[in-house]
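The values are calculated or read from the model by the stated rules, or taken from the named source; none is laboratory data. Just so it is clear, the structure is predicted and the values come from calculations on it, not from any experiment. Note: ideal-geometry Cβ built from the backbone for every residue, glycine included; neighbour counts use all protein chains shown. All accessible areas refer to the heavy atoms of the entire protein, side chains included, with ligands and DNA or RNA removed. Shrake-Rupley method; radii C 1.70, N 1.55, O 1.52, S 1.80 Å.
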Amino acid sequence: MTDIPRPDNENLTRDEAAARARTVHTHDYAVDVDFSRAADTAVDTYPVRTRVSFDAEPGASTFLDYLGAHVASIVLNGVEQDVAAAVDGARIVLGPLAAHNEVVIASESIYSRSGEGVHRFVDPADGATYLYSQNEPVDCRRIYPCFDQPDLKARFRVTITADDSWHVAANGALQSHHPAGDGTSTRVFAVTEPMSTYITTFLAGPYAQWHDQYAGRTASGVEVAIPLGIATRASLADSMDPDAVFEITKRGLDWFHRHFDVAYPWGKYDQVFVPEYNLGAMENPGLVTFTERYVFTSPATQAQHEQRANTILHEMCHMWFGDLVTMTWWDDLWLKESFADYVGTLAVDEATDFTTAWTTFASRRKAWAYRQDQYPTTHPIVADIVDLEAADQNFDGITYAKGASVLKQLSAFVGPDTFLAAARAYFAQHAWGNTTLDDFLGALHEASGRDMRGWAQAWLTTAGVNRLRIETTVADGTIAAAVLHQDGVDPRTGEEVLRPHVARIGVYAPDGDGPARFETAHPVRVEGAATPLPELVGTPADRVLLPNDGDLTYAKVVQDPHSLQVVLDAGLDDELARATALAGAWNMVRDAELPVERFADGVVANQHLIEDSGVLAQVLLQASAGLASYTTAAQRQRLLSRWATFLVDAVVDDPAPSDRRTVLLRTLFATLGDLQDPVAPLLDVVRSWLDDADVALGEELTWGALVVLSAHGRVDADALRAAHEHAPTAVSATGLTRALAARPDAAVKDAAREAAYTGRDAAGAVLSNDHLQATIDGLAVDPTGAGAGHGAEYWRRIEDVWTAQSQGQATRVVAGLFPSDTELADGDEHTHPDVRAAQEWLTARADAPHALRRIVIEHLDDLRRRLRAQAASA
Ligand SMILES: [Zn+2]
């Protein structure tokens with residue numbers, strides 16, 4: 001493996017990018033990559049030839065971005081350049097420039113193991129080699145020299161040389177195919193429309209393929225025909241369900257053509273499911289890449305199928321919002337991500353058969369946003385992204401989930417039709433260009449006739465989450481007065497933040513032991529700190545009142561004690577209301593306002609009411625994590641034992657495979673990783689399931705079980721290796737890594753920690769992203785405390801990790817190894833030794849990279865929150 005340390009000038013700044021965009025105007029690229037030796041893992045680079053033509057200010061100089069292994073030659077406007085002088089760290093300096101320029105560069109780029117750039121994966125099932133690329137935000141420069149910023153769009157002509165039997169693809173359609181006679185061939189792809197570097201794509205390997213055809217029309221009647229393709233590793237072909245994916249794709253294309261009224265702009269539409277992918281998917285025009293976790297090799301719940309549909313439609317939305325119209329710089333990343341997140345969910349709800357898109361959104365997506373928005377590192381939706389490291393960290397719960405929640409609120413504010421009309425106008429005006437927030441607000445202003453600046457100021461340029469709470473006065477068994485209170489602070493400044501909310505107050509009537517029945521909902525416009533609710537006067541005092549019924553706005557819901565009691569003990573009879581109310585209760589647990597065991601009892605009481613397996617999985621895991629973190633040592637094992645016993649009994653009582661059983665088992669295995677004693681009888685049951693053909697766990701749950709059995713010393717390394725060799729798939733390979741690192745042995749834990757810090761296994765081989773993560777995950781499963789007590793090492797080594805590994809890999813290590821052996825007995829949120837160590841590091845290392853500090857600050861905040869909740873429960 002070729003190692004290059006991260007160069008000092010890798011972190012391009014916004015000012016540098018803006019200056020470069022003023023100096024150069026890009027036209028087109030020709031990129032020729034040669035993957036013909038990819039199957040030989042002793043060869044860790046591939047040749048690349050890049051030609052870029054661009055206009056410039058005559059006499060000026062500029063630079064290309066490149067993080068390759070080696071530059072062989074640079075020819076600028078026909079003149080050979082001095083490579084040693086031109087290559088400066090992450091940059092290739094060019095100048096003096098002419099009015100029109102052509103630069104040709106021959107170089108060697110590195111096969112990635114981190115999922116950044118061209119990733120190489122060898123399938124453990126059959127030894128086949130697979131390549132794919134991932135570029136956002138700035139890993140295109142790992143593949144070929146380029147102006148790697150979103151506003152320097154160009155047309156791309158790509159050729160790929162590779163094994164002739166492989167499937168090879170790029171953004172453009174295959175145009176011609178030239179066999180070399182030696183088993184390789186060069187394939188030439190159609191020149192693309194103008195697009196940004198971060199969405200260029202390269203794919204090669206013996207992928208299995210499926211094909212179909214879309215035919216439809218836009219709202220204005222333009223006929224559209226699109227060749228559709230799906231690909232995945234050959235060894236996963238039997239698990240692929242292409243018909244379901246094509247069906248969602250076609251319905252989605254119909255939906256977007258109807259609502260956006262712009263024909264799909266990128267020719268073909270291929271969707272490829274790739275191994276060791278760092279994210280859910282990427283919206284490369286014409287060649288969308290997805291995590292192969294969406295190829296279900298184990299029993300998958302309805303929620304997982306819905307999540308896949310959501311991701312398919314999210315990426316499809318980007319074909320217009322993001323790819324056709326692109327943010328100028330990463331400050332406006334949210335503009336495409338929030339939009340795709342919101343509109344993707346809307347499309348799932350309206351265009352597919354899934355009925356739970358908005359309950360999943362209320363329960364899971366928003367939990368991510370609420371959590372992120374309470375960190376001291378939170379930021380306004382419109383972020384201030386000064387450089388690339390900041391951009392890389394900004395793919396977060398604010399940019400995606402809060403932004404989407406706020407667009408849902410915007411849609412309630414201006415009306416859904418107006419919202420989509422604004423989108424149509426925006427595409428018509430800015431197609432193929434780059435934009436900022438003002439352009440989108442301009443389109444909204446046109447469509448709605450309203451001045452959107454006040455709304456944007458309140459929602460997009462402030463940070464923090466509001467709380468909504470109803471206060472009532474009761475007389476003679478009915479409500480005599482009611483007020484909706486709003487509060488909120490910006491966690492960065494402590495200043496008050498209040499916002500306008502379009503919301504609904506739900507009224508539910510208790511019904512004995514059954515769930516409370518929906519009675520009515522009152523629309524309400526919230527302004528300021530107190531909003532009178534005259535609609536509620538005369539309502540019987542026993543009614544459950546749910547602020548934010550329908551989950552229209554983004555706010556933490558604090559329920560009054562009576563309503564909360566009904567929500568937890570009896571539940572509500574509406575799926576979205578139930579999800580919203582339980583999400584509010586979970587926020588109260590996190591804020592130390594509700595004991596976690598009360599929440600867990602509520603989950604048990606609600607479990608048979610909850611229809612959406614995504615919501616059920618979410619609340620079960622919240623209860624499990626909460627019982628492990630928000631309780632003191634004195635309570636913890638008793639509560640976890642009771643919880644694990646409930647989970648085991650629930651599975652034993654209803655053992656037939658079902659979505660419910662799957663999520664119960666996932667929660668059980670997470671819980672058993674924290675449980676010390678009395679665990680043996682529960683482990684006996686888990687052990688018996690492994691040998692029981694009727695239980696049919698599938699590979700994912702089998703490895704979930706093996707990891708906890710390993711962590712409790714109930715299965716040894718030989719047995720684990722035998723289980724992997726029995727079915728040597730990618731899932732079992734990472735399962736094995738996790739299970740081995742989970743063994744309750746200090747020497748094993750030391751070795752796993754060393755592997756994480758160095759990014760290499762004991763034999764010195766570089767760990768891929770998935771295996772690095774599996775090592776960290778296995779290390780964390782430590783019920784016996786075999787790996788505890790290495791905090792000092794962490795603070796000594798994290799800056800070296802940050803310098804030596806890519807940002808993606810380093811983030812896994814710094815986040816995953818953060819010392820948090822949280823025991824209130826050792827100190828509270830101010831005095832705990834882990835809190836103090838983190839604070840001391842932050843003080844001493846004020847000049848450490850901002851992105852690294854951000855991870856530490858967020859984990860410190862989690863730690864302090866846990867200690868606060870423990871203190872409240874003690
Ligand atoms: Zn996206």
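Most simply put, the range 225-343 has about 15% antiparallel DSSP beta bridges, counting only bridges with both residues inside it.
Measuring between alpha carbons in the structure, the pairs from K336/K556; K250/K336; K366/K749; K153/K556; K250/K402; K250/K366 lying more than 32 angstrom apart are K366/K749; K153/K556. By a 1.4 Å probe calculation restricted to protein chains, S873 has an accessible surface near 30 Å², given to the nearest 10. Please figure out what share of the DSSP beta bridges in the chain is antiparallel and state it in percent, rounded to the nearest 5. Among the beta bridges of the chain, antiparallel pairing accounts for roughly 80 percent. The range 1-67 and the range 607-683 have Cα centres separated by 50 Å. Averaging 1/r over every pair of different alpha carbons in the range 591-646 and inverting the result gives a Kirkwood radius of 11.6 Å. For D139, the solvent-accessible surface with a 1.4 Å probe is about 10 Å², rounded to the nearest 10. The length gained on full extension between H445 and V483, counted as 0.36 nm times the residue separation minus their Cα-Cα distance, comes to 10.5 nm. Just so you know, the averaged projected area of the alpha carbon convex hull for the range 416-518 sits at 11.2 nm². A 1.4 Å probe, protein heavy atoms only, puts the accessible area of L67 near 10 Å².
With contacts taken as Cα pairs under 8 Å at a separation of at least 6 residues, the range 529-687 carries a relative contact order of 17 percent. Estimated from helices alone, the mean residue ellipticity of the chain at 222 nm is -12500 deg cm²/dmol (sum of -39500 (n - 2.57) over DSSP H runs with n ≥ 4, per residue). Quick check: the angle from helix 613-629's long axis to the longest principal axis of the chain, C-alpha only, nearest 10 degrees? That works out to roughly 80 degrees. Where the alpha-carbon atoms of the range 194-345 are placed on the principal axes, they occupy 40, 36, 31 Å, in descending order.
Think of a 1.4 Å ball rolled over the protein heavy atoms: the chain then has 36 Å² of accessible area per residue. Taking the centroid of alpha carbons for each part, the range 233-259 and the range 700-743 are 33 Å apart. Principal axis analysis of the Cα atoms in the range 638-750 yields extents of 36, 30, 18 Å, listed in decreasing size. For the range 729-865, the equivalent ellipsoid derived from the Cα gyration tensor has semi-axes of 25, 19, 12 Å, listed largest first. Cα centroids of the range 270-315 and the range 511-543: 40 Å apart.
The three principal axes of the Cα atoms in the chain give end-to-end lengths of 91, 69, 56 Å, sorted in falling order. Put simply, the range 1-107 fits an ellipsoid with semi-axes of 26, 17, 12 Å; these come from the alpha carbon gyration tensor as the roots of five times its eigenvalues, largest first.
Stokes-Einstein D for the range 805-874 at 20 °C, 1.002 mPa s, Kirkwood Rh over Cα pairs, in µm²/s? Diffusion coefficient, whole number: 169 µm²/s. If you filter the range 779-824 for trypsin sites (Lys or Arg not before Pro), then keep DSSP loop positions with at most 10 other Cβ within 10 Å, what is left? In loop regions of the range 779-824 (DSSP not H, G, I, E or B), there are no sparsely surrounded trypsin sites (Lys or Arg not before Pro). Spread over its residues, the convex hull of the C-alpha atoms of the range 98-223 is 184 Å³ per residue. Scanning residues 5 or more positions from I470 or on other chains, those with amide H under 5 Å from its amide H are H485, D560, with H placed 1.01 Å from N in the peptide plane.
Relative contact order of the chain: what whole-number percent is it, with Cα pairs under 8 angstrom and at least 6 residues apart? So the answer I get is 8 percent. Altogether, the Stokes-Einstein calculation at 4 °C and 1.567 mPa s, with the Kirkwood radius of the range 596-691 over Cα pairs as Rh, returns a diffusion coefficient of 96 µm²/s.
In sequence order, the range 507-514 has phi-based couplings of 10, 10, 9, x, 9, x, 7, x Hz under the Karplus curve 6.51 cos²θ - 1.76 cosθ + 1.60, θ = phi - 60°, and Gly or Pro positions carry x. Projection of the Cα convex hull of the range 336-418, averaged over all directions and equal to a quarter of that hull's surface, yields 6.1 nm². Among the GluC sites (Glu not before Pro) within the range 453-554, those in coil by DSSP and having at most 15 neighbouring Cβ atoms inside 10 Å are E495, E527. So what does log10 I(q)/I(0) come out to for the range 534-681 at q = 0.13, 0.15, 0.21 Å⁻¹, using the Debye formula with one equal point on every Cα and no solvent? After summing over all Cα pairs, the log10 values are -0.60, -0.77, -1.33.
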